[in-house]
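Novice: Handing you a structure now.
Taken together, the values in this text are just the output of simple stated rules run on the coordinates, not laboratory data. Remember, predicted model here, so these are calculated numbers, not experimental data. Don't worry about glycine lacking a Cβ; one is built from the backbone with ideal geometry, like all the others, and counts go over all protein chains shown.
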């Protein structure tokens, strides 16, 4: 009984993540270090007036603050560097932050500027909420963004309770409720007219508003505010689509100064691969192929594909392979953008326990790694595997294909006649000298012939195969084309 | 310090005066007489150099049982720069899993050496053919050390002209053909044993059966005279 009570008493815990300096922090990695030390403000157009959206600490020291018009800000601080807002890049960063949140909880809501996540189901995994919050704060900080949070029983309340810092101690239910009721009413999303009504009614805190009878309120205020009140009381759900990682991965790092050597490319590549692995982990899948694109400021870009013979979600392996392949690549002189994309994923195998007594898995793993690294260093055309085809003509019965394209081996039928181990890439014509076959040295026939017919549907081939040897004892596989009566060497016994 | 000595002693290429021959692991060659000659079989954790007088005398069929052993063990068999294309039906009839064979073509000597070392260190069986008349001693020593570290067998095919140069390989075998299917193996170098041992090895019966042309399926390119058919 007690347990049931406890369970029903457990309510949602919503975390509201706000990134106050997101427009600025989106642009920071792209500007030079010296420039970043100067006062910077990000501007955006609001009601046809260019206003400061956010600014750095140096600008704040001059008295610049959000919502000032640009002319006022420049009057306050003449050295102010004003940068336009980059909404696309901001959204990209926000997606990345949502991905971090997604690795903590499957219930994530993303709107234009903020992220919510519901953490009540994730306590066990992180051994307590405080650890979870601490870990989340660390992970978000490592993305070099400023983050503040609010904790509430529903998304609306969490937003209202947003603080000016990141809180890593989870308050208890009563505390949350207490804070909510004591929140000043001016923080509630409302218009000027409604704010005036609050003042006239003598309402100072949310508690005052929520204490009023609902019917009386609905007569005074519009349905939107009533919905907000219902949501604050957990009476109506907060309806928003949950965040899910995108179906394909595409990310880039820009460096306006340009990257001039391959060694310095490795750092952005490593960062991108780490982001890819974060994405793979969130989606619980592995990738089989990634593509790099190196874009110079002027001229065509250079792409590089990394193919894996087995699926991977390990960034260090991917980096090692990319590095090997990069060595062979002719790059443009200066690279401005490094782009990583991946669109072929397979579900990650469940569990990674190795129950094989003889460790056959390890051998297979090693083989895959070897194929990948040979592939990366020598190129895809350097590797091949022999395969067996159901065909009569030897050159078609045995072909070389790229590794990994191997279908299941055709059951090896026992051949009666002896066959060579080497096949010449093309049959070599044999000369006749003094009534004797001659290819590099005189040959004499030991056994044969065996007649092979093939390709009757196109150019008919009929060959009589013989085994011949030279004076030293090496054996050759010869054939005589019956149509032209010419002799060829087709293989070597070895 | 004692740890360092232990490391040195555990290496295959450390010669100790007391012991005539270090106990070493080997895999059977599949031929009893050859196993006897090689004191157990092909040495593993070692580089073996095979020097056939020319290609085509049966040097590769000596290694078929070893290839099968590795492929059955789910290990990759890397053929580095083979002189010709391996013929799949013959390998399949020896019950070698074809998807365990990997043919690698290198563009230059640096790539060749890198691929060889990488393969040995990744637990694959290496069969390498050199393009140059003789590889450098230091490079081959690299491969020998890689084999010693990884515990894998590695085979290098070179020409008998390489015999004049020293080699760090654990074993060097010269292969000559006496007649068809008869190999003469000469051990040129073997650790712990004086070289020079010889063995005549038969690779199986030579099929000398000639088929009468008349018994073959009809020749599509020949018009048979009608009278002959009437007879």
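Novice: From the helices alone, meaning DSSP H stretches of at least four residues, give me the mean residue ellipticity at 222 nm for chain A, per-run term -39500 (n - 2.57), in deg cm²/dmol to the nearest 500. Please report the intermediate quantities before stating the final value.
Specialist: On the way: 17 runs with 166 residues, N = 494.
Calculated at 222 nm, the ellipticity per residue is -10000 deg cm²/dmol.
Novice: Hey, with R₀ at 60 Å, roughly what FRET efficiency would residue A:49 and residue A:390 work out to, going by the Cβ-Cβ distance, to 0.05? It would help to have the intermediate numbers written out before the result.
Specialist: Values: r = 77 Å, r/R0 = 1.28.
It comes to 0.20.
Novice: Go ahead and set up a Gaussian network model of chain B, Cα springs under 10 Å, then flag whichever of B:189, B:179, B:131 fluctuates most.
Specialist: B:179
Novice: Rounded to the nearest 500 deg cm²/dmol, what is the calculated helix-only ellipticity per residue at 222 nm for chain B, with -39500 (n - 2.57) per DSSP H run of length n ≥ 4?
Specialist: Values: 7 runs with 62 residues, N = 231.
Result for chain B, helices only: -7500 deg cm²/dmol.
Novice: Pairing the Cα long axis of helix B:109-121 with the longest principal axis of chain B, what angle in degrees results, from 0 to 90 and rounded to the nearest 10?
Specialist: Rounded to the nearest ten degrees, it is 80.
Novice: From other protein chains only, count the Cβ atoms within 10 Å of every residue's Cβ in B:114-121, then give the mean. Each step should come with its number before you reach the end.
Specialist: On the way: counts 5, 7, 0, 0, 7, 3, 1, 2.
If you average over the peptide's residues, the count of other-chain Cβ atoms is 3.
Novice: If one puts a single equal scatterer on every Cα of the range B:48-105 and applies the Debye formula without solvent, what log₁₀ I(q)/I(0) results at q = 0.14, 0.23, 0.26 Å⁻¹?
Specialist: Debye output, listed in q order: -0.38, -1.05, -1.30.
Novice: Under the √(5λ) rule applied to the eigenvalues of the Cα gyration tensor, what semi-axes describe the equivalent ellipsoid of the range A:89-229? Give them in Å, descending.
Specialist: On the way: eigenvalues 204, 60, 33 Å².
Values for the range A:89-229, descending: 32, 17, 13 Å.
Novice: DSSP beta bridges in chain B, what fraction antiparallel, as a percent rounded to 5?
Specialist: Details: 16 of 38 bridges.
Given both bridge residues lie in chain B, the antiparallel proportion sits at roughly 40 percent.
Novice: What residues from the range A:143-178 fall in the zone where the backbone N is under 18 Å from a label point 7 Å along the Cα-to-C-beta line of residue A:130?
Specialist: Residues A:151, A:166-176 qualify, since their backbone N sits under 18 Å from the label point.
Novice: Another question about this same structure. At a Förster radius of 35 Å, what calculated FRET efficiency corresponds to the Cβ-Cβ distance of residue B:5 and residue B:194, to the nearest 0.05?
Specialist: Working: r = 28 Å, r/R0 = 0.81.
Calculated transfer efficiency: 0.80.
Novice: Taking 7 Å along the Cα-to-C-beta vector as the label spot, tell me the residue A:298-residue A:212 distance in nanometres, rounded to one decimal.
Specialist: Between residue A:298 and residue A:212, the label points sit 6.7 nm apart.
Novice: Here's a follow-up. Tell me the angle of helix A:315-328 to the major Cα principal axis of chain A, expressed in degrees between 0 and 90 and rounded to the nearest ten.
Specialist: The answer is roughly 50 degrees.
Novice: Here's something else I'd like to know. Work out how far the C-alpha atoms of the range A:422-492 reach from end to end along every principal axis, then list the three figures in whole Å, largest first.
Specialist: 40, 26, 21
Novice: For the range A:250-401, rounded, prolate or oblate, judged on the Cα gyration tensor with a ≥ b ≥ c (square roots of eigenvalues), a/c < 1.5 rounded, else prolate if a/b > b/c? Provide the component values of the computation, followed by the final result.
Specialist: Numbers: a/c = 2.44, a/b = 1.39, b/c = 1.75.
In terms of gyration-tensor shape, oblate.
Novice: Next question, about the same structure. Kirkwood Rh over Cα pairs of the range A:216-335 into Stokes-Einstein at 20 °C, 1.002 mPa s: D in µm²/s?
Specialist: Working: Rh = 17.9 Å.
The Stokes-Einstein estimate is 120 µm²/s.
Novice: Related question: How far, in degrees from 0 to 90, does helix B:137-150 lean away from the longest principal axis of the Cα atoms of chain B, to the nearest 10?
Specialist: With rounding to tens, the tilt is 90 degrees.
Novice: Sticking with this one: Can you check how the C-alpha radius of gyration of the range A:1-105 compares to 2.2 N^0.38 Å, as a plain ratio?
Specialist: Values: Rg = 19.6 Å, N = 105, 2.2 N^0.38 = 12.9 Å.
Normalised by 2.2 N^0.38 Å, the Cα Rg of the range A:1-105 equals 1.52.
Novice: In nm, what is the difference between 0.36 nm times the number of residues separating residue A:252 and residue A:178 and their Cα-Cα distance?
Specialist: Values: separation 74, 0.36 × 74 = 26.64 nm, distance 4.48 nm.
Between residue A:252 and residue A:178, full extension yields an extra 22.2 nm.
Novice: May I pose another question? Other chains near A:164-170: what is the mean number of their Cβ atoms within 10 Å of each residue's Cβ? If you can, show how the numbers build up before the last one.
Specialist: Values: counts 0, 0, 0, 0, 0, 0, 0.
Per residue, the number of nearby Cβ atoms from other chains is 0 on average.
Novice: Can you compute the modelled spin-label distance between residue B:138 and residue A:261, with each label point 7 Å from Cα toward Cβ, in nm?
Specialist: 2.3
Novice: Give the value in nm², to one decimal: projected area of the alpha carbon convex hull of the range B:24-173, averaged over all directions. Write out the running numbers ahead of the final one.
Specialist: Working: hull surface 33.2 nm².
Seen from a random direction, the Cα hull of the range B:24-173 projects 8.3 nm² on average.
Novice: A further question follows. How crowded by other chains is A:367-373, given as the mean number of beta carbons from other chains within 10 Å of each beta carbon?
Specialist: On the way: counts 11, 2, 3, 13, 6, 0, 5.
Mean number of neighbouring Cβ atoms from other chains: 6.
Novice: Average the reciprocal distances over every distinct pair of alpha-carbons in the range A:8-171, invert the result, and give the Kirkwood radius in Å.
Specialist: 17.0
Novice: Calculate, in whole percent, how much of the Cα-Cα pair population of chain A lies beyond 35 Å.
Specialist: Working: 70607 of 121771 pairs.
More than 35 Å apart: 58 percent of the Cα pairs in chain A.
Novice: Would you mind calculating the relative contact order of the range A:8-171 from Cα pairs under 8 angstrom and at least 6 residues apart, reporting the percent as a whole number? The partial results should precede the final answer.
Specialist: Values: 277 pairs, mean separation 49.3, N = 164.
With pairs under 8 Å counted, the relative contact order is 30 percent.
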